[in-house]
Amino acid sequence: MSFDLLIVIGMIIADLVLVLEILYFIVRRSVSNKLIRAAFENNEAEFEAVSKTLAAKTLSKFDQELIRFNVAELQRDDALIEKQIEKFEEMDLKDSQKKKVYPQIFYYYIDRRRKEDATRYYEKLSQFDVYRNKRDIEMTYDAYVRGSHMYLEEALKDLKKATRLELPAKERLVAKMYANKGINAEAKKYNSLADKHEAELKGNNKA
C-alpha cells in the first residue's frame, strides 16, 4: 500500500470521525430538548419514555436527573428539588459530577436559609481543591452562614465586572455583608438595587 493511499485513508477516517461526533452532538441535543420539555410540562410518563430510547444513551443517568433538577429549580418546585437531591445522594457520583451539582445544591440551601444543609454541602465541596465557583461559594458561605463581612471589599470589586444576570445575586451578597457589619443603610441600598435588577431581568424575559 502506497504512502499516498495511507494519507487518503487517514483523511477519510478523520472525516468520518468528525461526522460521527457531529451526529452524536445533534442526537444528544435533540434528546436533551425532549427531556427538558417533558420536565417543564411535568409529564413524567413522557420523560421516562424518552429516557428509555436509544438516543437517550447519549446522556448518562446523572445528566438526565440533572435536567430534572435544573427544571425544578427554575420552577422553584421545592418538593421536586428535594426529591432530586435525594436521588443524587443515592447515586454513586463521579468527582466531576459532584463538582457540577453540589454547588447548585449549596446555593439552593443558602437561598432557603437552611444553614445546616448548606454547611453539609460546603463541607462536601471542601474535599476538592478545585471546583466550579469555589471563590464565590467561599464568600457566600462566609457571609450567609458565618455571618461575616470579611470579603466585603472583594465583593464590591466583583460588582464592577458582573454581568446583568450575575448582578442581583452579587448585590444581595454585598447587602448581606453590610448587614453583618451593622451598616444597615448600605445593606438597604444594595438590596434595593438587587430588587430593581431582578425586576428588569424578569421584564426582559417576558418581552
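Quick one: if the Förster radius is 25 Å, what FRET efficiency do Arg29 and Arg132 give, using the C-beta to C-beta distance and rounding to 0.05? Could you put the intermediate results ahead of the total?
Details: r = 22 Å, r/R0 = 0.87.
The formula returns an efficiency of 0.70 here.
Relative contact order of segment 108-207, please, whole-number percent, based on alpha carbon pairs below 8 angstrom and at least 6 residues apart.
Working: 83 pairs, mean separation 20.1, N = 100.
This gives 20 percent for segment 108-207.
With no solvent and one equal point scatterer placed on each C-alpha of segment 60-133, evaluate the Debye formula and give log10 I(q)/I(0) for q = 0.19, 0.24 Å⁻¹, two decimals.
Ignoring solvent entirely, the Cα scatterers give -0.76, -1.22.
How do Val145, Val174, Val101 line up, fewest other C-beta atoms within 10 Å first? Walk me through the numbers on the way to the answer.
Values: Val145 17, Val174 25, Val101 21.
The most exposed by this proxy come first: Val145, Val101, Val174.
Test of understanding: extend the Cα→C-beta vector of Ser60 to 7 Å, then name every residue of segment 88-121 with backbone N under 19 Å from that spot.
88-106
No lab work stands behind these numbers, since they all come straight from the coordinates. All of these numbers come straight from a predicted model, not from anything done at the bench. FYI the Cβ positions are ideal-geometry reconstructions off the backbone, even for glycines, and counts take in every protein chain you see.
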